[in-house]
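Engineer: Right, I'll just put the structure down here and ask away after.
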Amino acid sequence: MTLSSRHARRGSVLVIVIWAVSIGAAIVAGIQISSFRQAMLGSDAIARVQARWAARAGVETMIAIMEYHTDNPDPEDALAMIHDLEDNSYGELETGTYDIRHFFDGRELAGPLDEHSKANINLLSGELMNIRDMTPDVVGAITDWRDSNEDAGMLGAEKSHYQNRGKSYEPRNADFRSFAELELVAGVWPEYTRGEDWNLDGRIDSNEDDGDQTWPDDKSDGILDLGWSGILTALSRSSSRAPSGLPRLNLAIATPEEVIERTGVTAPQASALLAYAKLPNAKLEQLLMVPLSTLSSGGTGSSGSGGAGAAGAARQMNGSNSGSGSGGSTGGSTGRSSGSRSGATGGATQAGPGDLDSAAKGRVLNECTTTEFKRPGPGKINVNTVSGEVLREVFDLNPKLVDSLLSRRDAKPSGLTSLSAVLDIPGFTPQILSPLAKQLDVQSFVFTISSRGRSKTVGGNSEIVVTVDRSTLPAQILMYREP
Ligand SMILES: [Ca+2]
Ligand SMILES: [Ca+2]
Ligand SMILES: [Ca+2]
């Protein structure tokens, strides 16, 4: 072998070695880059999981507090649970934090949203026309969506209307099951229902407060305009549970002893209540408008004027249910208004059962019922959490009256523990109360928790929105979303 050929071989070995080394380096670099990427993806995934579980911890905390208060009610403090929920609306875990808030009536509040702070759309009829952007044809379509029949009203919309427009769905012909269902109704636009809260989570998101930079177009003023979703709900539910935690006493089948023990009324008052409860269409909320003596004498038929009063009360109920009895209800209210005044001044000295004072009315309204509870229906409005907007806009209440109700309520650290407090507010006459009375209560069962979780490490975010009914134990999840 010559020197030159040896040199050449050594050279080619060197080339091979260099080539192999550079291939090896490239492979190592490639492996490094891909494992670095995987590590990044891994830590992102870990951050997301941590954020999601932090949000979940917030939800579980809220549910635990609600269940505790269902188990341990405090009839002397209408706000005990709400304050507990607020106080625990922010929490820190080892790996993340959660934060539960909602926008309501132009402000951001800590804690879950009380669905009973809004009017249940399934209980509204004539009041719908008061709502902004609501037109007669939309009210007609909402009514047809909800009523069980297939007869479209003059301005309404039943199955054929939707079929003719190529829709793949038809009216439910029963109560709305969610607020979003409202957007399926003919003539309803998301701009009305959602306002600026485009993902319907009750919270202000960055795209909901940046003007027209991103959808939706918003006012970029730090306030979340909730549209109809700020005043209407389909999720609040009724319950047989009284503020004391006991099932409400059904006056249609109760004994006088049970009534006295539960409400502290006198024996003649208990008999009068039981007599009234046996009347067809007896509604306990009539106590807010009509003195007990008038209601019960209508029941026994011993007094002509009393009978007229009870009949007027029955007419009133029917009138407000159909939304077409405004003439009749005005006449009836005038009569009851004077009756109520005389009852308030001379109740204690009257013969017969004697009228209930406002505290006793409050206890009866809180603890009793005249109808058997079968299943949860649309829920009432909690006077302790209702917004001024709902009272003004849905019930067309005079703004000064609304202010006096809200300032009276907000001045009490334990809230309004019975509706009797409303009776004591000047200006809340029977006429004003009658369309509202059947929708008012002092407790809430259904809440929507919007929990935002944040991971401590890389800043992963996650949101869970859950609607919970706490009226039965364990609490029931009515809706779950991760928007
Ligand atoms: Ca229908
Ligand atoms: Ca939102
Ligand atoms: Ca925007």
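Engineer: Checking the structure you have, find out if any residue of region 353-370 is closer than 22 Å to Phe104 by Cβ and not in a helix (DSSP H, G or I).
Structural biologist: no
Engineer: Next up: Let me confirm something: among Ala267, Ala180, Ala242, Ala234, which residue is hydrophobic (A, V, I, L, M, F, W, C), open to solvent by 10 Å² or more (accessible area, probe 1.4 Å), touching a residue at least 12 places away in the same chain (Cβ under 8 Å) and more than 16 Å from ligand 2 (Cβ to nearest atom)?
Structural biologist: After applying the criteria, what remains is Ala234.
Engineer: Does Gly211 meet the test of being away from ligand 1 (no atom under 16 Å from the Cβ) and closer than 17 Å to Val465 by Cβ?
Structural biologist: no
Engineer: So, of the residues in region 440-463 that are out of contact with any Asp or Glu (no Cβ under 9 Å at 6 or more places or on another chain) and surrounded by fewer than 21 Cβ atoms within 10 Å (Cβ to Cβ), which turns out to be modelled with the lowest pLDDT?
Structural biologist: By that ranking, first place goes to Gly459.
Engineer: What residue, of Arg194, Arg146, is closer than 19 Å to Arg481 by Cβ and in contact (Cβ under 8 Å) with a residue 12 or more places away in the chain?
Structural biologist: Answer to the check: Arg194.
Engineer: A follow-up question, please. Taking the stated definitions as given, is Leu433 in contact (Cβ under 8 Å) with a residue 40 or more places away in the chain and hydrophobic (A, V, I, L, M, F, W, C)?
Structural biologist: Yes, satisfied.
Engineer: Scan Thr95, Thr70 and give me the residue that is away from ligand 2 (no atom under 16 Å from the Cβ), of a type outside the set (D, E, K, R) and open to solvent by 40 Å² or more (accessible area, probe 1.4 Å).
Structural biologist: Just a single option satisfies the conditions, and that option is Thr95.
Engineer: Scan region 186-197 residue by residue and report those that are open to solvent by less than 60 Å² (accessible area, probe 1.4 Å) and under 22 Å from the mean Cα position of the chain (by Cα).
Structural biologist: Within region 186-197, Val188, Pro190, Thr193, Arg194, Gly195, Glu196, Asp197 qualify.
Engineer: Tally up the residues in region 145-195 that are within 15 Å of ligand 1 (Cβ to nearest atom) and polar (S, T, N, Q), please.
Structural biologist: Final tally of qualifying residues: 5.
Engineer: In addition: What residue, of Ala119, Ala157, Ala186, Ala174, is modelled with pLDDT of 95 or more, within 23 Å of Phe395 (Cβ to Cβ), of a type in the set (Gly, Ala, Ser) and more than 16 Å from ligand 3 (Cβ to nearest atom)?
Structural biologist: Ala119
Engineer: Still on this structure, please answer the following. Yes or no: Thr95 touching a residue at least 12 places away in the same chain (Cβ under 8 Å) and more than 16 Å from ligand 1 (Cβ to nearest atom)?
Structural biologist: yes
Engineer: Of the residues Ser418, Ser407, which is within 27 Å of Ile63 (Cα to Cα) and either touching a Lys or Arg at 6+ places or on another chain (Cβ under 9 Å) or assigned by TED's automatic domain parsing to the domain that holds Ile100 (or both)?
Structural biologist: Exactly one of Ser418, Ser407 is within 27 Å of Ile63 (Cα to Cα) and either touching a Lys or Arg at 6+ places or on another chain (Cβ under 9 Å) or assigned by TED's automatic domain parsing to the domain that holds Ile100 (or both), namely Ser418.
Engineer: Test Thr97 against the criterion of being touching a helix residue (DSSP H, G or I) at 6+ places or on another chain (Cβ under 9 Å), under 21 Å from Leu235 (Cα atoms) and hydroxyl-bearing (Ser, Thr, Tyr), and give yes or no.
Structural biologist: Considered against the rule, which asks whether it is touching a helix residue (DSSP H, G or I) at 6+ places or on another chain (Cβ under 9 Å), under 21 Å from Leu235 (Cα atoms) and hydroxyl-bearing (Ser, Thr, Tyr), Thr97 comes out as no.
Engineer: In this structure, does Asp217 turn out to be open to solvent by 50 Å² or more (accessible area, probe 1.4 Å), modelled with pLDDT under 95, away from ligand 2 (no atom under 16 Å from the Cβ) and not hydroxyl-bearing (Ser, Thr, Tyr)?
Structural biologist: Answer is no for this residue.
Engineer: Let me ask something else. Restricting to region 136-168, what's the tally of residues that are under 26 Å from the mean Cα position of the chain (by Cα) and exposed (fewer than 14 other Cβ atoms within 10 Å of the Cβ)?
Structural biologist: 1
Engineer: Regarding region 405-425, can at least one residue be identified that is open to solvent by 20 Å² or more (accessible area, probe 1.4 Å), in contact (Cβ under 8 Å) with a residue 24 or more places away in the chain and hydrophobic (A, V, I, L, M, F, W, C)?
Structural biologist: yes
Engineer: Turning to a different aspect of this structure: Which residues, taken from region 245-259, are free of Cβ contacts under 8 Å to residues at least 60 places away in the same chain, open to solvent by less than 60 Å² (accessible area, probe 1.4 Å) and not in a loop (DSSP other than H, G, I, E, B)?
Structural biologist: Pro256
The values are calculated or read from the model by the stated rules, or taken from the named source; none is laboratory data. Predicted, not measured: the structure shown is a model, and the values here were computed from it. Here Cβ is always computed from backbone atoms with ideal geometry, including for glycine, and neighbour counts include all displayed protein chains. Just so you know, the surface numbers come from the protein's heavy atoms only, side chains and all, with ligands and any DNA or RNA stripped out. Shrake-Rupley method; radii C 1.70, N 1.55, O 1.52, S 1.80 Å.
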